[in-house]
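Trainee: This is the structure I want to talk about, given as structure tokens.
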Amino acid sequence: MRSRNPVFSRRGFSRDNGYAGFNAAPQAGGPAVATQANPYAQGTQGNPYAQQPVGNPYAQNPYAQPDQQFGAPPQAPATTGRMTMDDVVIRTGSTLGVLVVTAALAWALLPVDDANISRSYGIGIGAALIGMVLALVQSFKRKPTPALILSYAAFEGVFLGVVSSVVDNRIADGAAMQAVIGTMAVFAGVLIAYKAGWIRVNRRFYGFVMAAALGFVFLMMVNLLFAVFGGGDGLGFRSGALGVVFGIVGIILGACFLALDFKQVEDGLAYGAPREEAWFAAFGLTLTLVWIYLEFLRLIAILNSND
């Protein structure tokens, strides 16, 4: 399955079609085949972490597994250099840490009073554009580049710091902290629900989320075009009662994206992804958390607006 995050859909955590199965087992001298326990397992095609005909591609010696040639049980894959949950946590913490530090610096050093708001907001928008370019570059790279990912986090933090300061100081006092708490609550809630099995990430779930996300993004783009060329709030998708509804929908979509991200990380761990793939996980999770935070911030601003 391809995650909503483009970083997960490039390599390492996804397949081209459907989820890779945990129940795929190699035949004697042949490729892995799907079992009835997992209808989505399709052998080795499209699954970078499934057992290949010549062995585990992430084992220390992927071409030397003679036991399989004689029908013996497959050797356990080498654990050296494989991604672990600690790797994901550390890389994600580092990426979010850079984002938080630069956001705090932007908040403190880029005032948003009447005399400086234009300059500060201009810097914030410029940082957002640079961050978007860096994110796109990393998304289309087959291997993660830590410097690129951390640079994205730094520029994105500048943008978030300025936007948060504007909303907190000029629209709704305490909005930034409320958005942070809301984002943390969504993350914790989705993680608990996912681990408890209350959320089942399968093809149907993925198709529904992707269809809803495409529709949401399309409507936001149309609204933006009407706002740019027609003035005002466009079609009103980001203001008033309709804006509140779309803000809630955006947060729900972000929660669904988190569930997809958790599944991609789980599959990567199960199939022995190399340790460097933890940076992909950190990047993808950061993208989703930024989405949820901005939706919370936008919703709070709408609820506290005098318009």
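Trainee: One residue is enough: does the stretch 268-275 have a residue meeting the conditions in contact with a Gly (Cβ under 6 Å, 6 or more places away or on another chain) and among the aliphatic types (A, V, I, L, M)?
Mentor: yes
Trainee: Further question: Just give me the residues in the stretch 255-269 being of a type in the set (Phe, Trp, Tyr) and open to solvent by 10 Å² or more (accessible area, probe 1.4 Å), in sequence order. Spell out how you get there, then give the answer.
Mentor: So in the stretch 255-269, the residues of a type in the set (Phe, Trp, Tyr) come out as 257, 262.
Of everything in the stretch 255-269, just one residue is of a type in the set (Phe, Trp, Tyr) and open to solvent by 10 Å² or more (accessible area, probe 1.4 Å), namely PHE262.
Trainee: Hey, VAL112 hits all of (1) in a helix (DSSP H, G or I); (2) surrounded by 17 or more Cβ atoms within 10 Å (Cβ to Cβ); (3) more than 18 Å from the chain's Cα centre (by Cα); (4) β-branched (Val, Ile, Thr) but one; which does it fall short on?
Mentor: (1)
Trainee: Can you tell me which of ILE252, ILE248 is open to solvent by 40 Å² or more (accessible area, probe 1.4 Å), in contact with a helix residue (DSSP H, G or I) (Cβ under 9 Å, 6 or more places away or on another chain), in contact (Cβ under 8 Å) with a residue 40 or more places away in the chain and of a type in the set (A, V, I, L, M)? Break it down into steps so the answer makes sense when it comes.
Mentor: Working: ILE252 fails: in contact (Cβ under 8 Å) with a residue 40 or more places away in the chain.
The unique qualifying residue is ILE248.
Trainee: List pairs: first in the stretch 105-121 and within 19 Å of ALA154 (Cβ to Cβ), second open to solvent by 90 Å² or more (accessible area, probe 1.4 Å) and modelled with pLDDT of 90 or more, Cβ under 8 Å, 6+ apart or cross-chain?
Mentor: Within 8 Å, the pairs are LEU110/ARG119.
Trainee: Can you tell me how many residues in the stretch 258-299 are part of a loop (DSSP other than H, G, I, E, B) and under 20 Å from ALA135 (Cβ atoms)? I'd like the intermediate steps shown before the answer.
Mentor: Quick first cut of the stretch 258-299, residues part of a loop (DSSP other than H, G, I, E, B) only: 271-273, 275-276.
Filter once more, keeping what is under 20 Å from ALA135 (Cβ atoms): 276.
Here the count works out to 1.
Trainee: What is the number of the single condition among (1) in contact (Cβ under 8 Å) with a residue 24 or more places away in the chain; (2) open to solvent by less than 50 Å² (accessible area, probe 1.4 Å); (3) farther than 14 Å from CYS256 by Cβ; (4) touching a Phe, Trp or Tyr at 6+ places or on another chain (Cβ under 8 Å) that ASN223 does not meet?
Mentor: Among (1) in contact (Cβ under 8 Å) with a residue 24 or more places away in the chain; (2) open to solvent by less than 50 Å² (accessible area, probe 1.4 Å); (3) farther than 14 Å from CYS256 by Cβ; (4) touching a Phe, Trp or Tyr at 6+ places or on another chain (Cβ under 8 Å), ASN223 violates only (1).
Trainee: Looking only at the stretch 191-236, which residues are assigned to a loop (DSSP other than H, G, I, E, B) and among the aliphatic types (A, V, I, L, M)? Outline the logic, then answer.
Mentor: So the first thing to find is which residues in the stretch 191-236 are assigned to a loop (DSSP other than H, G, I, E, B), and the list is 197-202, 231-236.
The answer is ILE199, VAL201, LEU235.
Trainee: Still on this structure, please answer the following. Would you please name the residue that is farthest from ASP267 (Cα to Cα), looking only at residues in the stretch 199-220 that are buried (at least 17 other Cβ atoms within 10 Å of the Cβ) and β-branched (Val, Ile, Thr)?
Mentor: By that ranking, first place goes to VAL209.
Trainee: Give the stretch 164-177 a look and list any residue that's crowded, with 18+ Cβ neighbours inside 10 Å and in contact (Cβ under 8 Å) with a residue 40 or more places away in the chain, or say none.
Mentor: Of everything in the stretch 164-177, those that are crowded, with 18+ Cβ neighbours inside 10 Å and in contact (Cβ under 8 Å) with a residue 40 or more places away in the chain turn out to be SER164, SER165, VAL166, VAL167, ALA172, ALA175, ALA176.
Trainee: Here's another thing I want to ask about it. Which of the numbered conditions does LYS195 fail, given that it passes all the others? Conditions: (1) open to solvent by 20 Å² or more (accessible area, probe 1.4 Å); (2) over 21 Å from the mean Cα position of the chain (by Cα).
Mentor: So LYS195 meets the others, but not (2).
Trainee: Going through the stretch 270-295 one residue at a time, which ones are open to solvent by 10 Å² or more (accessible area, probe 1.4 Å) and under 10 Å from the mean Cα position of the chain (by Cα)?
Mentor: Of everything in the stretch 270-295, those that are open to solvent by 10 Å² or more (accessible area, probe 1.4 Å) and under 10 Å from the mean Cα position of the chain (by Cα) turn out to be LEU285, LEU287, LEU289, VAL290, TRP291.
Trainee: So SER164 fits all but one of (1) within 24 Å of SER305 (Cα to Cα); (2) under 17 Å from the mean Cα position of the chain (by Cα); what number is the exception?
Mentor: Status for SER164: all satisfied but (2).
The values are calculated or read from the model by the stated rules, or taken from the named source; none is laboratory data. Remember, predicted model here, so these are calculated numbers, not experimental data. So basically every Cβ, Gly included, is an ideal-geometry build from the backbone, and we count neighbours across all protein chains shown. Surface areas here come from the heavy atoms of the whole protein model, side chains and all, with no ligands, DNA or RNA. Shrake-Rupley method; radii C 1.70, N 1.55, O 1.52, S 1.80 Å.
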